[in-house]
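Novice: Below are the C-alpha cells for one structure; questions will follow.
The values are calculated or read from the model by the stated rules, or taken from the named source; none is laboratory data. Please read all numbers here as calculations on a predicted model, not as lab measurements. Methodologically, a virtual Cβ is constructed for each residue, glycine included, from the backbone with ideal geometry; neighbour enumeration extends over all protein chains shown. Please note that ligands, DNA and RNA were not included when accessible areas were found on the heavy atoms of the full protein model with its side chains. Shrake-Rupley method; radii C 1.70, N 1.55, O 1.52, S 1.80 Å.
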Amino acid sequence: MLRLQKLSENDGQQIYDMLQGIESNDNGFHNTVKDMMYEHFAEWLNKNVGYSNSIGLEDWMVPQTTFWLFDNDIPVGCGRVRHYLNDNLRKDGGHIGYAISYRYRGRGYGNAILRLLLTETHKMGIQEVHVGANKDNERSNKVIIVNGGKLISETEAKNYYIINFAV
C-alpha cells in the first residue's frame, strides 16, 4: 500500500538510507542529505520540521513540508510541498518537488508521489499548483501531464506546468 508520511524528528536509518539513493541535485530536486554523515541527519530533520512550521526560514525561503513515500513499510521516495510561492518560486520553481530513490525508479512511484502530494496541496487550500520539470526529464514531464499538468511556459532547460483543482 502506497502512502505519504510527514517528515519527523524521529525518522532514522531507513529514511537516511533511502535518501542516499537520490543525488544531491536530482533533476532540480535538492537532496542535502546525500553523502551527509549520519550523525548530522537528526539536525537536518529538526531543521526541516522547523521549515514546515515557518521556523528558521532564511529571507528567500517559504514554509515547506517534506513527505516520504512508503510502499508498505519501505521508503521509496521524497517529496516537498511549498505552502505558497514567492516571486522567485513562481517564476523559477513551484509548489511541489519530488524524487524517487534510484533503486525504485521505473515502477510508477513518480506518478504515485505526485498524485499524493497534489492531495496534500489541496488540503492546504492551494487551488493552482505550479510544478516544473527539466525538459530532458521525459518521465517527470509525462508524470506531471498524466496528473493534469498544463504547460504554461518553458525555457531552454525547463517546462512549467499548472494543475488546477475544480472548485
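Novice: Please identify the trypsin sites (Lys or Arg not before Pro) of the stretch 130-159 that satisfy two criteria: DSSP loop assignment and at most 15 other Cβ atoms within 10 Å. Which are they?
Specialist: When the trypsin sites (Lys or Arg not before Pro) of the stretch 130-159 are filtered for loop state and at most 15 Cβ neighbours within 10 Å, Lys135 remain.
Novice: Going down the list Lys91/Lys123; Lys34/Lys158; Lys91/Lys142; Lys6/Lys150; Lys91/Lys135, which pairs span over 26 Å between their C-alpha atoms?
Specialist: Those over the limit are Lys6/Lys150.
Novice: Next question, about the same structure. Please list, short to long, the whole-number percent of alpha-carbon pairs of the stretch 8-84 in consecutive 5 angstrom bins beginning at zero.
Specialist: 3, 15, 24, 28, 21, 8, 1, 0
Novice: Sort out the exposed loop GluC sites (Glu not before Pro) in the chain (DSSP loop, at most 14 other Cβ within 10 Å) and tell me the longest stretch that has none.
Specialist: Excluding the exposed sites themselves, the longest stretch runs over 59-155.
Novice: By accessible area of protein heavy atoms, probe 1.4 Å, what ranking do Trp44, Trp60 get, highest first?
Specialist: Heavy-atom accessible area, descending, gives Trp60, Trp44.
Novice: Mind checking which of Gly28, Gly125, Gly110 has the largest fluctuation in a GNM of the chain, springs on alpha carbons under 10 Å?
Specialist: Gly125
Novice: Viscosity 1.306 mPa s, temperature 10 °C: Stokes-Einstein D of the stretch 39-167 from its Kirkwood Cα radius, in µm² per second?
Specialist: 103
Novice: Using amide H atoms built in the peptide plane, which far-off residues or other-chain residues are under 5 Å from Gly77 H to H?
Specialist: Amide H to amide H, under 5 Å and 5 or more residues apart or across chains, Gly77 pairs with Leu69, Ser101.
Novice: Which of Tyr98, Val49, Gly21 sits farthest toward the positive end of the charge dipole of the chain, with +1 on the Cβ of Lys and Arg and -1 on the Cβ of Asp and Glu?
Specialist: The residue sitting farthest along the positive end of the dipole is Tyr98.
Novice: For the stretch 58-75, in order, what is each residue's ³J(HN,Hα) by Karplus, 6.51 cos²θ - 1.76 cosθ + 1.60 with θ = phi - 60°, in whole Hz (x at glycine and Pro)?
Specialist: 7, 3, 7, 8, 10, x, 8, 10, 9, 10, 9, 8, 10, 10, 6, 9, 10, x
Novice: Next question. Normalising by the residue count of the chain, find the relative contact order in percent from Cα pairs under 8 Å and 6+ residues apart.
Specialist: About 19 percent, as a whole number.
Novice: Stretched out fully, how many nm does the piece from Asn88 to Trp44 gain, at 0.36 nm a residue minus the Cα gap?
Specialist: 13.4 nm
Novice: Under 11 Å from the Cβ of Asn48, count the other residues' Cβ atoms, weight Lys and Arg +1, Asp and Glu -1, and hand me the total.
Specialist: Summing Lys/Arg as +1 and Asp/Glu as -1 gives 0.
Novice: Shifting gears a bit: Over what distance in Å are the Cα centres of the stretch 123-137 and the stretch 31-73 separated?
Specialist: The stretch 123-137 and the stretch 31-73 have Cα centres spaced 20 Å from each other.
Novice: Grab the eigenvalues of the alpha-carbon gyration tensor for the stretch 97-167, scale each by 5, take roots, and send me the semi-axes largest first in whole angstrom.
Specialist: Here the semi-axes work out to 19, 17, 9 Å.
Novice: Something else about it: How large is ³J(HN,Hα), in whole Hz, for each residue of the stretch 101-117 in order, when computed from phi with the Karplus curve 6.51 cos²θ - 1.76 cosθ + 1.60 and θ = phi - 60°, using x for Gly and Pro?
Specialist: These are the phi-based 3J(HN,Hα) values: 4, 3, 5, 10, 6, x, 10, x, 5, x, 4, 5, 5, 5, 4, 5, 5 Hz.
Novice: Nearest 500 deg cm²/dmol is fine: what mean residue ellipticity at 222 nm does the chain get from its DSSP H runs of n ≥ 4 alone, each adding -39,500 (n - 2.57), divided by its residue count?
Specialist: Rounded to the nearest 500, it is -8500 deg cm²/dmol.
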